[in-house]
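**Q** Sharing a structure below in structure tokens format, with a few things to ask.
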Amino acid sequence: MSQDSYPTPTDRPDLDDVMNVTSAHSSNATAAAAREFRNPGVDKEPLSIAAFALCAVMLIIGGSVLGKTSGALFDYDASIKPNYVRGKAPGVVDDVVMPPKAILDVYVKKGQSLYSAKCNGCHGADGKGDGANYPSLVGSAWSTGHTDRFSQVILNGLQGPTSTGKVYGAGVMPAQGAGMSAQDLAFIMTFIRNSFGNSVGDVVTPEMAQAAIDIAAKRPNPAAPVTADELKGHEKDLPGDKMDPTTLVDPITFKPAAAK
Ligand code: HEC
């Protein structure tokens, strides 16, 4: 081989040339290749979605075939007793879910919780007031007397003197009628007339209480509390049919229980 057959210096590899491997690998082409899925190996390939769909179709067809075969799996008629009727829960009487109770007892019980929420803070849990700022409702002539007069004190508040002629504390009871339904007023009045030792024995019906609300709305100055003078015009009972306090009612709906 002659000297001339050697490649020229420019054709020869430059042995001193240094290559940066990191930068070479970070070129776009190698990064894309790195993101390709690796071959998971034989028997480890993911299952094709077509295989899942095929299984689903087979299960649906298989299930319907099994379900249709009489006496076989999923047969509704074979697993449910014929003419099965669910029994009543204990204590359920026809359509009335709770045993009926005397209307007086039901109203007093409902009235008690309303009294606790609305009147308790001033007149006390025992209804006796405090003797200085709040009058007693026990034996109070206006609580146990005419229902019209009693209702107007509750709905409009009271500017003393009270039924005993005494003026209490700042001398004004704020009106309690705001947001009070006829039903609630009936509960509260019935409760006070038959609790703390008061025993009028009557029931103030929602019909009577509604009449009281209508009377209060017609006052010349509905914003002002009633006075002893104004109450003289209310010395009568509220209109409406009286109810026998022993009438049995559903304690949930307050409707008279159906006669047996
Ligand atoms: C913020 C306190 C307060 C609340 C709440 C209150 N009262 Fe009174 N009540 C008074 C005061 C005070 C008097 C006496 C007013 C006076 O002397 O001017 C009074 C008087 C009465 C009287 C007159 C008693 C009588 O024999 O003269 C009745 C009845 C009454 N209240 C019922 C009720 C009822 C029912 C409720 C709840 C729905 C109630 N009060 C809530 C403060 C209150």
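The values are calculated or read from the model by the stated rules, or taken from the named source; none is laboratory data. Quick caveat: nothing in here was measured; it's all calculated off a predicted structure. As a convention, Cβ positions derive from the backbone with ideal geometry for all residues, glycine included, and neighbour counts pool all protein chains shown. Heads up: the accessible areas ignore ligands, DNA and RNA and are worked out on the full protein's heavy atoms, side chains in. Shrake-Rupley method; radii C 1.70, N 1.55, O 1.52, S 1.80 Å.
**Q** Would you pick out the residues in region 57-70 that are over 46 Å from the mean Cα position of the chain (by Cα) and modelled with pLDDT under 80?
**A** Correct list: 65, 69, 70.
**Q** When you scan region 135-145, do you find a residue that is assigned to a loop (DSSP other than H, G, I, E, B), among the hydrophobic types (A, V, I, L, M, F, W, C) and in contact with a Phe, Trp or Tyr (Cβ under 7 Å, 6 or more places away or on another chain), even just one?
**A** Scanning region 135-145, I find at least one residue that is assigned to a loop (DSSP other than H, G, I, E, B), among the hydrophobic types (A, V, I, L, M, F, W, C) and in contact with a Phe, Trp or Tyr (Cβ under 7 Å, 6 or more places away or on another chain), so the answer is yes.
**Q** Which residues, taken from region 160-175, are buried (at least 17 other Cβ atoms within 10 Å of the Cβ) and under 38 Å from the mean Cα position of the chain (by Cα)?
**A** Scanning region 160-175 gives 173, 175.
**Q** Run down 129, 139, 157 and say which single residue is over 24 Å from residue 221 (Cβ atoms) and crowded, with 17+ Cβ neighbours inside 10 Å.
**A** Checking each option against the conditions leaves just 129.
**Q** Tell me the residue from 234, 123 that is more than 8 Å from the ligand (Cβ to nearest atom), modelled with pLDDT of 95 or more and either closer than 28 Å to residue 103 by Cβ or in contact with a strand residue (DSSP E or B) (Cβ under 6 Å, 6 or more places away or on another chain) (or both), please.
**A** One residue alone meets the criteria, 234.
**Q** Next up: Has region 201-221 got at least one residue that is open to solvent by 30 Å² or more (accessible area, probe 1.4 Å), within 25 Å of residue 128 (Cα to Cα) and modelled with pLDDT of 95 or more?
**A** Checking region 201-221: at least one residue is open to solvent by 30 Å² or more (accessible area, probe 1.4 Å), within 25 Å of residue 128 (Cα to Cα) and modelled with pLDDT of 95 or more.
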